Amino acid sequence: MAAPKVLVTDDAMFMRLMLKDILTKHGFEVIAEAENGIQAVQKYKECKPDLVTMDIVMPEMDGITAVKNIISHDPAAKIVMCTAMGQQALVIEAMGAGAKDFITKPFSPAKVIETLRKFT
C-alpha cells in the first residue's frame, strides 16, 4: 500500500518540521508544506494530497478560509485542523466549513497518527 500523501500547513516552521517528523516516522509521506492558507490552496490543487493538516491562525489567509477554498475545489478533501488550546469556537467553524477532525497543540505523536489514520 502506498504511503498516504500529506500537505502540512502551518505558519511556524518548527510546527511543520515536528509534524513532518511524526508523520514520516509512521509511514506517511509529506509531499508539500505551506505556511499560509493561500499556499495551502495552491499546493492542494498542484499535489492532490490524500490528507491536509491545517493550522487555523495564519497570516494572509487563515485556515478556515483555506478549508472553504479547498472543499469548494474538492468536496472529498480530507482536512484535519491543528489548533491551540482554547480555539474551540474556531474548530467548530472549521468543521462546519468541511474539515474532518482536529488535533491539538502541543502534539502528541500517538494522537496525531491515530487521528490521521482514520482518513487513510
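The values are calculated or read from the model by the stated rules, or taken from the named source; none is laboratory data. Remember, predicted model here, so these are calculated numbers, not experimental data. We place every Cβ from the backbone using ideal geometry, glycine too, and count neighbours over all the protein chains shown. Surface accessibility is based on the protein's heavy atoms, side chains included, excluding ligands, DNA and RNA. Shrake-Rupley method; radii C 1.70, N 1.55, O 1.52, S 1.80 Å.
Just a few scattered comments:
- Under a 5 Å amide H cut-off, with hydrogens placed 1.01 Å from N, residue 57 pairs with 63 among residues at least 5 apart or on other chains.
- Correct choice for log10 I(q)/I(0) by the Debye sum over Cα atoms at q = 0.10, 0.14 Å⁻¹ that was computed from the model, options (1) -0.33, -0.64; (2) -0.24, -0.48; (3) -0.38, -0.71: (2)
- At an R0 of 30 angstrom, the distance between the Cβ atoms of residue 42 and residue 111 translates into a FRET efficiency of 0.55.
- Surface analysis of the chain yields an accessible area of 49 Å² per residue, using protein heavy atoms and a 1.4 Å probe.
- Label-point separation, residue 29 to residue 14 (7 Å along Cα→Cβ), nm: 3.0
- Counting only heavy atoms of the protein chains and using a 1.4 Å probe, residue 104 has close to 50 Å² of accessible surface.
- Magnitude of the charge dipole for the range 1-116, about its Cα centre and with charges confined to Cβ atoms of Lys, Arg (+1) and Asp, Glu (-1), is about 260 debye.
- Cross-link partners for residue 68 among the lysines, with Cα-Cα distance under 20 Å and sequence neighbours closer than 8 places in the same chain left out: 43, 45, 48, 78, 100.
- Loop-located trypsin sites (Lys or Arg not before Pro) in the range 1-78 whose Cβ has at most 11 other Cβ within 10 Å (DSSP): none
- Within the accessible area of the range 13-84 (1.4 Å probe), percent carbon and sulfur: 55
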